[in-house]
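This report refers to the structure that appears directly beneath it.
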Amino acid sequence: MKRIGVFVCHCGTNIAGTVDVKAVAEAMKHEPGVVFSTDYQYMCSQAGQEMIKAAVKEHRLDGIVVCSCSPRMHEATFRKTAAAAGLNSYMVEIANIREQCSWVHKEMPIGTEKAIILAKAAVAKVSLNAPLTPGESPVTKRALVIGGGIAGIQTALDIADAGFPVDIVETKPTIGGKMAQLDKTFPTLDCAACILTPKMVDVAQNEKIRIFSYSEVTDVKGFVGNFDVTIKRKARYVNETLCTGCGACTEKCPMKKVPNEFNLGMDNRHAVYIPFAQAVPKVATIDPNHCLMLKSGKCGLCSKVCGAGAIDYKAKDEFLEERYGAIVVATGFNPISMEKFDEFAYAQSKDVITSLELERLMNAAGPTGGTLLRPSDHQHPHTIVFVQCVGSRCEACAEKGKEYCSKICCMYTAKHAMLIRDKYPDTDVYVFYIDVRTPGKNFDEFYRRAVEEYGVHYIKGMVGKVTPENGVLKVQGSDLIDNRQLHIDADLVVLAAAIEPDKSARPLATMLTASMDTNDFFTEAHPKLRPVESPTAGVFLSGTCQGPKDIPETVSQAGAAASKVIGLLCKDKLLGNPCVAHSDEMMCNGCSTCEKVCPYGAITYEDKEFRMPDRTTKVRRVAKVNEAVCQGCGACTVACMSGAMDLKGFMNKQIMAEVDAICK
Amino acid sequence: MQEVTRDALLNKALELLKNGTVDRVLGYRVGEFSYDVTPAVFENEDALKKDFCWNSFCGANFSKYLISETAKTEKKLLVFLKPCDSYSFNQLLTEHRFDREKVYAVGVPCGGMLSGKDLREKVESVSDVSVNGDKVTVKTLFDGDLEFDFETLLSDRCKNCKSKKHVAYDELLGEDGEVLDSHRFDEVERLEQMTPDERFAFWQGELSRCIRCNACRDVCPACTCEKCVFDNPNSGVQNKAAADSFEEKMFHIIRAFHVAGRCTDCGECSRVCPQHIPLHLLNRKFIKDINSFYGDYQAGAEVGSRAPIVNYTTDDPEPSEAVERGHGNA
Amino acid sequence: MQVNEYKPLIVAFCCNWCSYAGADLAGNNRLNYPADVKIIRVPCSCRVNPMFILRAFQRGADGVILCGCHPGDCHYTSGNYYTRRRMALLFSMLDYLGIEKERTRVEWVSAAEGAKFAATMNDFVETVAALGENKRLEDLRCKK
Amino acid sequence: MSQKNDRAKEQILKMSGVNPLKCMRCGKCSGTCPSYDEMEYHPHQFVYMVETGEIDKLMQSPSIYKCLSCFACVDRCPRGVEPAKLVEAVRLTVIRQKGMNHMTADSIPALLDDDLPQQAIVSAMRKYSK
């Protein structure tokens, strides 16, 4: 039998005004297990707490019930008090007789009666409480950033700046991501490369950062503080440490007709290549699908010209295993495929392009050297039509579009229109829009400049059809303001394609047991209060993998994710919430039901040997809860048929005892 | 009438024993009377030849036995599966309850099973039963030979058979059947149409007969817990026998809830109930509700499927509207 | 206990993050509701086992209400979605057994909805009071 | 608003199965419509006017006979609103009220010309066989 002390707080008149506190304290003296019961003006005050401590010593209490305000207010306070008195801090229960009793009931007898019942329920619960100790786990002071775009770069730099080592895993041969492909950035129109490439160099030169380019994460095990990650380093057939990035191999390579993915296939590269001049790491990569030597064993030119002897045709994929304390997902986005939008004739005409393709066409390092020429005949386009929301906000066509707003298109379209009008004033630029969405600092001003200073024709309406005809693109669209159908002969049509999460995100989410929404964007732990954390502890989100966003937003989220990582890595040990699920192995069926409902992937299974009463042994599959990962929701406890799974601090029999006390 | 004969099963068992595919056989064993059949494990040829039995009283679902039998030894076990057994077989595999490698499953078509228990209640002093085509001849001690239509003696669950198709086997004897368009929810619907008072009266009448013998739990292939909550002192609901009018209700609701989404509707619970409580109507209510709220789901139809009760979508019906829909108002 | 009018006994399970906070807010704003409601705090509505609900009825509760975060707002991301399915099936079953469906309810109450909490409790108590004592599910042995 | 006709609106919505509230007013239907210039009220206006209950105006407009029922608007609408089905529903309402068609079947052969697109003839068949 426990020795329980009950402490009834007056809270001035807040409680005592409607509840006869003396009567409550008196009534509790007769409850089983209660050896001491008293009341006091302010239990949470220094004097009140001293009183509890003294009572614990004097009456050798091993359980405390405080009848006071909401546990959300002072549960932590009284737990500390209990700990100071030498008790386990989880041997405290609060009966909420203020918010849920004295403040909502007016009559003293009614309030008193209910307060007594609530106190009895708390006593019933505390008599079944067991001491709990938060689990401890060490923290590996190293972070992994998956994705080397601007989000990953910024996160890595910020974490490294705080002194923690960071690894970046990037699937492409270079970091830089989508931002490296952009020409200028809104709303300031500074060139993307000018602001991005210095950061890429910083990453390369930072001693705390390792870059695994041309690599993928293939497996993740473990949990917050200790993730064991397998990284596949794809064979690039060039020794990264030896290669100087001189480019001699590239010049000599006879395979010159490989579509250049950096320029979105609008020009060609060699089979051995460096994606772009400022690539980091600046080393060559051999494309095994096109290299003659790798395909047929005949060539070997690059190896002959390489002064550093870096070419290695026998290279194999390598697998690295590393341990990290935290993982940041920064897998980014891609524009969706335009192939299925027949009405815009993207597949039929070379002169119907996406906005990202336009970025390359306007970039000085792009296929046209920065002169805007249309892809079909390399002539100057004189009439250009931009179509907004292609595949965005598209509910009816789930197989080709996305239901959400891609957020960045309004601004980059304004940017493109403005840049074209600035460079080629003889060009007519039309923008068909549904809404122009410009919430952001200096965003609306930017869009207005496109209209007012640069004379871009904004048309409220949508393009219904684009028909290529004799080298002209016949654009048919509606002008809703003028209530008129427009027919424009355009030379170039630019589609603002919706963006979607990178395809690698879905399998990665499965590996990380991080949740995703129906659009494959990672879900945040709380949409408002924990926007850069995944619900899976130790996994953080940076950039567009969490939802469409522009560069400034991406960078701020990247910084926020970094600060969360730093906050985690600063700790030597992680203290868990001790109110976690626990499986009784003797009763577990190993049926995997609990595993299915766990939102955190905290439950795993192992085959365990049991010694039976008849001295034989039996191997059974049993559930094991990872206490560092479990957040204590209790979903598993109800899913478990046998009752093997229980939640510490909210055990089945504790809640049952409360029910009984209330219903008695 | 069973399409495949005892000899066919026996020969298959002997063949598999002989060629070393299996080491033991889980089959039916004759009792004192031909309608008195019990599951048994046969360890050798002689035992098989002597006691192995297959007739229209072999209703027991074998799947549950696989848990304890495969845990006992490394030897490989032959099991004969009727179509409804094969669903339980898959469901138990989904829940990792036995090692598939240790089992060789032979599917057997089922022509519907008779119930010895029902028969004895219909006819007194039965001494023997034989089935010929769609006729059943019942020999009695005092009333001579009686003849019945097979259909009329068919056990209730077989009248509403959901599937003649095997969903799991290594080998199949005879022809496989189809998933049937059964009327198994008719009785549930009839209850739903009643007023709450009538329903309460119905269930009070049924459940108050419960003697808490636990036969339903012990036979149920979904009730395979290492320790049942009702035996677990930490569950808060431990009780050996129903002490009051509520507890049998509590027991049956919780039992039905625990098997919801896992119950394959094999009907064993009602078959074994000595008090003739239509327990399957509780399980079928859950199955019907799951189908109507969350889309059709058949437990055991495939291995590894995720039961609707451990799944969700963001636009599931609210409990309040679900109750309305549970009335068949949807 | 001597009372003139019938007072129902209501057990309310509230999740720690939304509904319990909503109940606290009702208190902060002094929004009255009947003292017949007794709240039990659980980490998440998905912690509520059907056994708890049946036990409450067994021991003489006249109504049981479950409150959790709104769907999509669960502190544990998906707990209340499981609650929604479990309770939909359980309540439908209770109704099937002839137990008045008005005695059970699930309500989503956020931490900001103190007013909704009080209104919900007022309404629920009124509904259950109109039904009268729970005779169908209670165990008479345990009643005083 | 005097022009609101809620009963007719309800009728139209029921007949067509269209939810005009899904419309985000992008105008792709009107951008895509081949009979746009023939119509007094254009596809996007149809959706909006049904939403605001201005059914009577639509019923009196010749526009309802200008729609070719080519369903381009239905196909291209990003929100699945299906404007052509609304036009069809308004047209049917008129026919039901008057008990007669805009034209009689007999008057058609005289109006046929060689340039008439096949699709229009098929649409007409559908219309008149209702």
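Please give the direction-averaged projected area of the C-alpha convex hull for segment B:242-292, in square nanometres with one decimal.
Values: hull surface 14.7 nm².
It is 3.7 nm².
Evaluate the distance, in nm, between pseudo-label points positioned 7 Å from the Cα of B:D176 and of A:F610 along their respective Cα→Cβ axes. Result: 3.5 nm between the two label points. The shape of segment A:13-58 comes out oblate: with a ≥ b ≥ c from the C-alpha gyration tensor, a/c is at least 1.5 while a/b does not beat b/c.
Using only the Cα atoms, work out Rg/Rh for chain D, with Rh taken as the Kirkwood radius, to two decimals.
On the way: Rg = 14.5 Å, Rh = 15.1 Å.
Radius of gyration relative to Kirkwood radius: 0.96.
How much net charge surrounds B:G111 when only other residues with a Cβ under 12 Å from its Cβ are counted (Lys, Arg +1; Asp, Glu -1)? Let's see the in-between values first.
Details: positive: B:K82, B:K164; negative: B:E3, B:D134, B:E151, B:E175.
The answer is -2.
In chain B, the C-alpha radius of gyration followed by the widest Cα-Cα span (Dmax) gives 20.6, 65 angstrom.
When chain B is treated as a GNM with alpha-carbon contacts under 10 Å, the residue of B:A71, B:A105, B:A301 showing the greatest mean-square fluctuation is B:A71.
Each peptide in B:138-150, A:437-449 receives the mean, over its residues, of other Cβ atoms within 10 Å, and ordering these scores from highest gives A:437-449, B:138-150. Dipole magnitude for segment B:24-105: computed about the Cα centre from +1 point charges on Lys and Arg Cβ and -1 point charges on Asp and Glu Cβ, it is near 160 debye. Each residue, B:R306 and A:K314, gets one label point 7 Å from its Cα in the Cβ direction; the gap between the two is 4.7 nm. The mean count of C-beta atoms from other chains within 10 Å of the C-beta of residues in A:332-343, rounded to a whole number, is 1. Shape verdict for chain A, please, from the Cα gyration tensor: rounded (a/c under 1.5), prolate (a/b greater than b/c) or oblate. Since a/c reaches 1.5 and a/b is larger than b/c, the shape of chain A is classed as prolate.
Relative contact order, whole percent, for chain C stands at 37, derived from Cα pairs under 8 Å and 6 or more residues apart.
Among B:315-325, A:287-297, the peptide with the highest mean count of other Cβ atoms within 10 Å heads the list, and the full ranking is B:315-325, A:287-297.
Pairs of Cα atoms nearer than 8 Å and 6+ residues apart set the relative contact order; for chain A it is 13 percent.
Evaluate peptide A:626-637: per residue, the Cβ atoms of other protein chains within 10 Å of its Cβ; return the mean as an integer. Numbers along the way, then the final one.
Details: counts 0, 0, 0, 0, 0, 6, 5, 17, 12, 15, 4, 4.
Per-residue shielding by partner chains comes out at 5.
Taking the charge dipole of segment B:84-148 about its Cα centre, with +1 at Lys and Arg Cβ atoms and -1 at Asp and Glu Cβ atoms, the residue from B:G133, B:S86, B:P109 reaching farthest to the positive side is B:S86.
Normalised by residue number, the volume inside the convex hull of the Cα atoms of segment A:55-201 is 220 Å³ per residue. Against chain B, whose longest principal axis comes from its Cα atoms, helix B:247-259 is set at around 70 degrees. In this rough spin-label picture, where each label sits 7 Å from Cα along the Cβ direction, the B:N291-A:D435 distance is 4.4 nm. Of all the options B:N232, B:N55, B:N44, the one that moves most in a Gaussian network model of chain B with Cα springs shorter than 10 angstrom is B:N232.
What per residue convex hull volume, in Å³, comes out for segment C:52-98 when only alpha-carbon positions are used? Let's see the in-between values first.
Numbers: hull volume 3.7 nm³, N = 47.
Hull volume over Cα atoms, normalised by residue count, gives 78 Å³.
Dipole magnitude for the protein assembly as shown: about 2500 debye, using +1 per Lys or Arg Cβ and -1 per Asp or Glu Cβ, origin at the Cα centre. For the protein assembly as shown, the fraction of C-alpha pairs more than 46 angstrom apart is 54%. I need the calculated FRET efficiency for the pair A:D228 and C:E133, taking r as the beta carbon distance and R₀ as 41 Å, to the nearest 0.05. Result of the calculation: an efficiency of 0.10. Considering the dipole of segment A:235-316 built from charges on the beta carbon (Lys and Arg +1, Asp and Glu -1) around the Cα centre, which of A:G307, A:M293, A:N260 is farthest to its positive end? Positive-most Cα among the choices belongs to A:M293. Residues within the reach of a label modelled at A:A83 (point 7 angstrom out along Cα to beta-carbon, backbone nitrogen below 16 Å), restricted to segment A:559-594, are A:572-579. Under the shape rule built on the C-alpha gyration tensor, where the axes satisfy a ≥ b ≥ c, segment B:186-329 is oblate, since a/c reaches at least 1.5 while a/b does not exceed b/c. Mind giving me the FRET efficiency for A:E50 and A:K573? R0 is 51 Å, r the Cβ-Cβ distance, nearest 0.05 is fine. Plugging the Cβ-Cβ distance into 1/(1 + (r/R0)^6) gives 0.95.
Dipole of segment D:6-128 computed with +1 at Lys/Arg Cβ and -1 at Asp/Glu Cβ about the Cα centre; of D:L112, D:T32, D:I55, farthest Cα towards the positive end is D:I55. Note on segment C:69-144: semi-axes of the ellipsoid equivalent to its C-alpha gyration tensor, largest first and rounded to whole Å, are 26, 18, 11.
Partner shielding of D:18-29 amounts to 5, given as the average count of beta-carbon atoms from other chains within 10 Å of each residue beta-carbon. Computed from Cα positions, the angle between helix D:118-128 and the longest principal axis of chain D comes to roughly 70 degrees. Estimated translational diffusion coefficient (Stokes-Einstein, Kirkwood radius over Cα pairs, 10 °C, 1.306 mPa s) of segment C:10-142: 108 µm² per second. At an R0 of 22 angstrom, the distance between the Cβ atoms of A:T218 and A:D520 translates into a FRET efficiency of 0.70. Placing unit charges on the Cβ atoms only, positive for Lys and Arg and negative for Asp and Glu, gives chain C a dipole magnitude near 520 debye about its Cα centre. Ordering A:338-350, A:149-161 by mean Cβ neighbour count within 10 Å, with the highest value first, yields A:149-161, A:338-350.
The angle separating the long axis of helix A:409-423 from the principal Cα axis of greatest extent in chain A is about 30 degrees.
A short reminder: the numbers here are calculations on the coordinates, not readings from a lab. A quick note: this is a predicted structure, and the numbers were derived from the prediction, not measured. When we count neighbours, we look across all protein chains shown, and the Cβ atoms used for this are built from the backbone with ideal geometry, even at glycine.
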